[in-house]
Amino acid sequence: MGDTYYITYLSDEINEGGMARNLAFSNKVSHFETLRLNMYLYRNNILKRIWKGIIFLLFLLCKKNNTIIVHQSAITLLFPLLTKKISRKIFKSILAGISSKNKLIIEVNDLPYEQAIDLDLPVLQSMLKLEDVLYSIPNCYYIFASTEMRRFVNEKYNIQHDHSNVVINGGPKLISNKSFLNNQKWISSDSTKYVYAGSLNKGRQIEPIIEVFLQNPDSILVLIGIWGEWLNEIDLPQNIIYLGDFDENTAQNIVSVCDLGIIPYDEEKFYYNLCYPTKASFYITAGIPFLSTPLKELKNVFESQDMAFFEKFNDWNDFVKKIDKSILAKKKEKVKNGISKFYWDNLIDQCFCEILTESKK
């Protein structure tokens, strides 16, 4: 294969897992020796995006023997009007033409339709129809964000196993920056410090977490992330601290001074078992273990590595009451020894090495 073309979507701020993933991939692709064109998309005028997307698709349709890597999120941003059957049919035909002459690779971070069902978001049939288009392109390759996601899509759409790969969500290397932490009195407390880093919108089990720590005043809960403004309207006790939203580096430094990250997702919901939460690697690369509900994908990755605790949410109250700091210290040592496996660079390197090696054949 000849050149590499890369299409991604980036925002001005990196404050959620999907955008952190896009940035990590973009940083890697920018070093490809075969890179011919990097196409970055931002949320500008919708008509300009659509026009730009059409021109670029037609441009790629004329190419042959190249590697084309595109994020699914970039596709949905470029083509927000794929709600009509005829538009999806034309779109699929163009992608099939590109895939027939090149190595087309679609990076899949989420399954929006399945995610919307379990997160109580608006469920649009157009999401499912778009998935039907993207995962039925002849000879297309896919990079999924979890093994369970890969298994589900491969089985549903009869994708050959060797036409897909997995890159779980990683975390950045910690760059020490204690400027925000200098005036945080809770850091000096001897209490066990738990931290939730992620989206704080209702429906993410935030309220039940708060209930657990209302019953455990000797432990500290720190909440950081986007969409948590509603917490300012609640009379929180002193052991529950909402700090707000931060850039990735500041957030990771806050996590690093805590003892245990938490992932409270409902283990009964299909999508939570399918996905790999970015916060898992974010906690690990900050140097701390985490407590999670028994989610299938996370157990696949961490159960044998002894870096995490898995407890049903109904048992979290007892866990918080009884956890021994000596056990936490042992877990932290395991994290320290295995941390490098969860850096973005190391997770992406092997996958892209395979892509480039095949592209040069």
For a quick check of your reading: which strands (runs of 3 or more DSSP E) sit entirely within segment 30-114 and have at least 3 residues that are at pLDDT 85 or above and under 30 Å from N273 (Cα atoms)? 67-71, 103-108
Return the pairs, sorted by first residue and then second, in which the second residue is small (G, A, S), the first residue lies in segment 238-251 and is within 12 Å of V195 (Cα to Cα), the beta carbons are less than 7 Å apart, and the residues are 6+ apart or on different chains. N239/S219; Y242/G228; A251/A197
Of all residues in segment 200-214 being assigned to a helix (DSSP H, G or I) and surrounded by 15 or more Cβ atoms within 10 Å (Cβ to Cβ), which is modelled with the lowest pLDDT? I206
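Residue by residue, here is whether (1) of a type in the set (A, V, I, L, M); (2) touching a Phe, Trp or Tyr at 6+ places or on another chain (Cβ under 9 Å); (3) outside the structural domain of G338 (by TED's automatic domain parsing) holds:
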| residue | (1), (2), (3) |
| --- | --- |
| E211 | no, no, no |
| V222 | yes, yes, no |
| W230 | no, no, no |
| L236 | yes, yes, no |
| N249 | no, no, no |
| Y272 | no, yes, no |
| K279 | no, yes, no |
| T285 | no, yes, no |
| T293 | no, yes, no |
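A quick yes/no check of all residues on (1) crowded, with 17+ Cβ neighbours inside 10 Å; (2) closer than 16 Å to Y194 by Cα:
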{"position": "T278", "(1), (2)": "yes, no"}
{"position": "F309", "(1), (2)": "yes, yes"}
{"position": "N314", "(1), (2)": "no, no"}
{"position": "D318", "(1), (2)": "no, yes"}
I226: passes all of (1) touching a strand residue (DSSP E or B) at 6+ places or on another chain (Cβ under 7 Å); (2) outside any helix (DSSP H, G or I) but (1)
For segment 147-199, which residues satisfy the criterion of being in a loop (DSSP other than H, G, I, E, B), more than 26 Å from A286 (Cβ to Cβ) and at pLDDT 95 or above? N158, I159
Those residues of segment 167-178 which are surrounded by fewer than 18 Cβ atoms within 10 Å (Cβ to Cβ) and either β-branched (V, I, T) or free of Cβ contacts under 8 Å to residues at least 12 places away in the same chain (or both) amount to I175
Note on segment 267-317: residues within 21 Å of V212 (Cβ to Cβ) and among the acidic types (D, E) are E267, E268, E311, D315
Of all residues being touching a strand residue (DSSP E or B) at 6+ places or on another chain (Cβ under 6 Å) and part of a strand (DSSP E or B) in segment 234-248, which is farthest from N216 (Cα to Cα)? Just the residue, please. L243
Please indicate, with yes or no, whether at least one residue in segment 151-159 is of a type in the set (K, R) and under 26 Å from Q252 (Cβ atoms). no
Find all pairs meeting these conditions: Cβ atoms under 9 angstrom apart; at least six residues apart or on different chains; first residue within segment 126-152 and closer than 14 Å to K296 by Cβ and without any contact (Cβ under 8 Å) to a residue 12 or more places away in the chain; second residue assigned to a helix (DSSP H, G or I) and aliphatic (A, V, I, L, M). R151/L274
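Only one of these is within 20 Å of the chain's Cα centre (by Cα) and among the small types (G, A, S): S304, S292. Name it.
Working: S304 fails: within 20 Å of the chain's Cα centre (by Cα).
Every option except S292 fails the conditions.
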Among (1) in contact (Cβ under 8 Å) with a residue 12 or more places away in the chain; (2) surrounded by fewer than 19 Cβ atoms within 10 Å (Cβ to Cβ); (3) outside the structural domain of E107 (by TED's automatic domain parsing); (4) not hydrophobic (A, V, I, L, M, F, W, C), the one test that S304 misses: (1)
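The values are calculated or read from the model by the stated rules, or taken from the named source; none is laboratory data. Note that the structure is a prediction, hence the values are computed from the model and not measured. Counting neighbours? That spans all protein chains shown, and the Cβs are built from the backbone with ideal geometry, glycine included.
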